[in-house]
Amino acid sequence: MSERLKIRPYARLLTMLGDQLIKNELIALVELIKNSYDADASWVKVSFIDFGPDYELTPTSKIRIEDDGCGMNADILRKHWLNPATPDKLKRKAKNPKTQKGRILQGEKGIGRFAIFKLGKKITITTRRQQQNSEGKFIESGENIENILTYDFSKYDNDFLQEDGEEKDLFLEQLTVELSQRIPSAIVDTDIVLGTTRRRRKPFGTIIEITDLKTRWTTDRINRIQQNIGKLQPIFSEKGTADFSVWVYKDSILHESNDSYKRVLDHCLKNMSVLKITNGRYICGKNTIFFDMNGQPIELSFKDPDIRGLTQFKRFKELEEKNEPVECGSFNFEFYIFDLNVDSENPSKYYLSKEEKSVIKEHRIYLYRDDVRVMPYGDPEDDWLRIDMARGTIRADEYLSNDQVVGCVYISQAENPNLKDKTNREGLIEEGRALEDFIGVLQLILRYLRKKPFAQYLIDKQRRNEIDRIKRGRPAELIEAAKKQYGDDEKAMAFLKSFESSYTKEKRTFEDRIQKTENLAAVGLSIETASHDVMLLLGKAVEQQETLIKELMLGNEIDRDSLIARLTLVRGTMSMVQSQMKDVQLLFPSTKSKTKNIDVKTVIEKVHNLYKRAFKENRITVEYSLSTRPLVVKTTDAVLLQVFINLFDNSLYWLKTVNGERKILITLDGDRQRMIFSDSGPGIKPDDIDYIFEAFYSGKGEEGRGLGLYIARQLLDRYDYSINLAEFSKDRILKGANFVLEFVKEG
């Protein structure tokens with residue numbers, strides 16, 4: 001025996017759809033405003049009526065939300081408004097996602113209307129439907145009927161578990177609402193004032209009045225709501241629709257919060273941002289990124305080493321290997337990046353006042369779908385792009401901070417069908433890979449901006465500061481000037497001599513520490529390079545030894561010649577390990593201080609030996625062009641080893657990115673005491689040329705330490721030697737990077 005049962009939702013489902021599902025009153029209001037937007041309203045008026053001076057609740061307090069949208073008739077109220085999860089908008093979007101005004105429909109789940117229960121228990125909806133012509137197009141007149149829908153749930157507790165104080169099993173079907181009709185009296189053709197503008201109130205639209213309010217309101221909360229409603233559409237660009245506005249009133253008085261931040265923000269965006277990233281576009285199928293940076297067009301792709309070298313590219317590399325597409329779809333973006341650390345004692349054009357910083361920090365990167373905001377992305381406390389997470393777990397200065405970037409990302413339902421709103425309106429659904437891919441692409445873009453253009457800005461800023469310090473006088477020069485000025489003052493002179501002695505000692509200490517740090521910088525890189533080969537050799541030696549031990553433990557008669565042959569093989573393997581480690585050992589402090597005449601080719605061959613395996617695996621050839629006279633320079637093995645390790649390591653990285661010939665050519669000229677280190681890689685990008693010898697700047701993305709070429713130049717400079725990019729065409733031997741090393745002391 002079986003029976004068919006119906007699903008009977010408890011009345012408390014309304015609480016879950018409204019009060020519990022919707023996070024706060026702001027989101028509840030925004031949901032109702034979005035309904036007005038979908039109804040092609042040109043304005044929405046939110047009125048707080050009969051509240052106290054600081055919005056304290058009174059017995060007659062109510063919230064009124066009025067619009068001039070297309071309104072609803074009785075049939076729509078019965079079949080759609082009163083039915084949770086109605087598929088009406090979903091079906092409309094499938095046929096035609098646009099309204100008559102050309103807006104993209106925002107709602108589709110059919111539960112946003114229940115946000116009203118977050119606000120209060122008594123709701124009266126007065127609505128008048130806009131008339132349609134024979135073709136189904138709306139015309140500028142309303143139907144002759146005004147519909148009134150009344151909810152009164154005041155006799156129930158907040159969870160719909162009690163009625164008039166008594167516990168009761170309440171099912172959704174038992175809740176009743178009252179629908180009545182009348183000759184239009186509330187929504188009629190009349191004048192209405194919004195702000196300072198008088199306009200015609202069209203004879204159609206909707207009025208929602210909410211009483212028996214649940215929430216305590218304050219002026220600060222209203223200000224915040226007004227500001228956030230202002231962000232419902234993009235306010236940082238020319239995007240968005242100009243035919244939709246929201247007004248907030250307290251009784252009959254326009255609530256005017258301090259919106260001077262808009263003027264300040266607009267000024268900062270236009271004049272104070274270090275990087276203006278505009279007209280940004282990511283094209284999904286081609287994995288290309290376009291944008292204008294301070295007016296200059298930039299094009300990047302997933303094939304670009306600047307992108308592939310970033311840690312964030314790992315997920316997309318894995319997708320490439322699996323031949324799987326990026327799922328998020330194409331989108332647009334714009335970012336304004338600020339420097340919050342400009343010194344007030346040395347201000348530049350990017351210096352921000354306390355007020356300007358405060359305004360900027362109130363904004364983040366907002367997300368808009370079809371020019372309507374997806375909340376809560378962009379709120380100051382929201383970290384939807386996981387920037388704070390990366391800064392906290394990796395290194396803060398390696399990432400742009402959330403509060404120094406103001407921006408908008410624009411998606412659409414047409415191009416991004418897999419990016420869907422959560423039911424509770426708190427961001428996007430984590431479904432499949434679409435959201436992770438979307439966030440990953442944005443992280444790539446932001447990481448590139450920090451790693452390249454913003455890093456270049458910081459270097460230029462440091463150079464300017466150094467020039468300013470020189471103009472103001474170096475410490476030693478200032479001391480000498482003070483001696484001349486106070487030469488007759490014995491106390492002042494005694495103090496200056498004491499200060500000079502202390503300064504000199506401290507300077508020497510720091511210089512010594514810097515030299516030691518620079519000397520050790522390449523040790524890690526050399527060990528990293530050599531360790532793979534050394535571990536292979538050691539593994540082979542252990543394997544050979546284990547084989548011998550097993551045979552000896554069997555107790556069989558030992559063949560002397562065979563044993564010697566085996567041990568000789570083990571010794572040969574260990575000799576190779578010893579040779580590798582001897583070369584590496586030259587880098588350590590105990591062996592690197594001795595200056596002598598060194599044949600450069602000998603040192604290069606030692607470094608080449610460290611890279612032989614890697615070069616063989618990647619089909620890289622190394623050739624030499626030698627003059628009659630060998631190139632011999634006076635320095636230490638350690639200096640040359642570090643210089644050439646960095647040059648070989650850079651070439652290995654970049655040559656792996658090209659598909660054609662992979663070649664390194666080393667030209668040694670003993671007659672002119674110079675050499676040229678060339679490769680057939682992609683070469684140095686024009687925008688990198690001025691920065692490659694700066695500390696911590698790298699064109700390799702996350703894989704680059706940004707110290708190699710900087711250390712190489714610093715070490716050579718100690719001996720008055722130099723390393724530079726080839727400046728003249730005769731020195732540019734191969735198509736890639738060409739470095740000229742001069743071993744002739746000036747003067």
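Table for the structure above
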| item | result |
| --- | --- |
| Positive-end residue of Thr635, Ser729, Thr667, charge dipole of the range 634-741 with Cβ unit charges | Thr667 |
| Contour minus Cα-Cα distance for Asn659 and Glu299 (0.36 nm per residue) | 127.5 nm |
| Carbon + sulfur, % of accessible area of the range 615-668 - ligands and nucleic acids excluded, 1.4 Å | 46 |
| Shape category assigned to the range 203-343 from the gyration tensor of Cα positions, a/c cut at 1.5 | prolate |
| Lys231, Lys303, reordered so the largest accessible area comes first (probe 1.4 Å) | Lys303, Lys231 |
| At 0.692 mPa s and 37 °C, Stokes diffusion of the range 400-445 via Kirkwood alpha-carbon radius, µm² per second | 273 |
| Size of electric dipole in the range 314-447: Cβ of Lys, Arg +1 and of Asp, Glu -1, about Cα centre, debye, nearest 20 | 100 |
| Solvent-accessible ranking of Lys550, Lys491, largest area first, probe 1.4 Å | Lys491, Lys550 |
| Share antiparallel - DSSP beta bridges, the range 308-452, percent rounded to 5 | 65 |
| Rh (Kirkwood; distinct C-alpha pairs) - the range 100-189, Å | 16.3 |
| Ranked by how many other beta carbons lie within 10 Å on average, peptides 215-227, 51-63, 118-130 from highest | 118-130, 215-227, 51-63 |
| Long pairs among Lys276/Lys349; Lys270/Lys354; Lys507/Lys634; Lys314/Lys420, criterion Cα-Cα beyond 23 Å | Lys507/Lys634; Lys314/Lys420 |
| Accessible surface of Asp460 - all protein chains present, 1.4 Å probe, nearest 10 Å² | 40 |
| Counted charge near Ile411, where neighbours are those whose Cβ lies closer than 9 Å (Asp, Glu -1; Lys, Arg +1) | -1 |
| Calculated from backbone phi, Karplus (6.51, -1.76, 1.60) coupling profile of the range 622-636 in Hz, x at Gly/Pro | 10, 10, 10, 10, 10, 7, 4, 8, x, 8, 10, 10, 9, 6, 10 |
| Against the rule of thumb 2.2 N^0.38 Å, how large the Cα Rg of the range 611-747 comes out | 1.02 |
| Rounded accessible area per residue of the range 402-456, 1.4 Å, Å² | 28 |
| Per-q log10 I(q)/I(0), the range 327-434, q = 0.19 Å⁻¹ (Debye; single scatterer per alpha-carbon; no solvent) | -1.04 |
| Accessible surface of the range 338-422 [probe 1.4 Å, protein heavy atoms]: carbon and sulfur percent | 46 |
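The values are calculated or read from the model by the stated rules, or taken from the named source; none is laboratory data. Keep in mind that what you see is a predicted model, and the values were worked out from it rather than measured. Quick reminder, even Gly has a Cβ in these numbers, built from the backbone with ideal geometry, and neighbours come from all protein chains shown. With ligands, DNA and RNA removed, areas are computed over all heavy atoms of the protein, side chains included. Shrake-Rupley method; radii C 1.70, N 1.55, O 1.52, S 1.80 Å.
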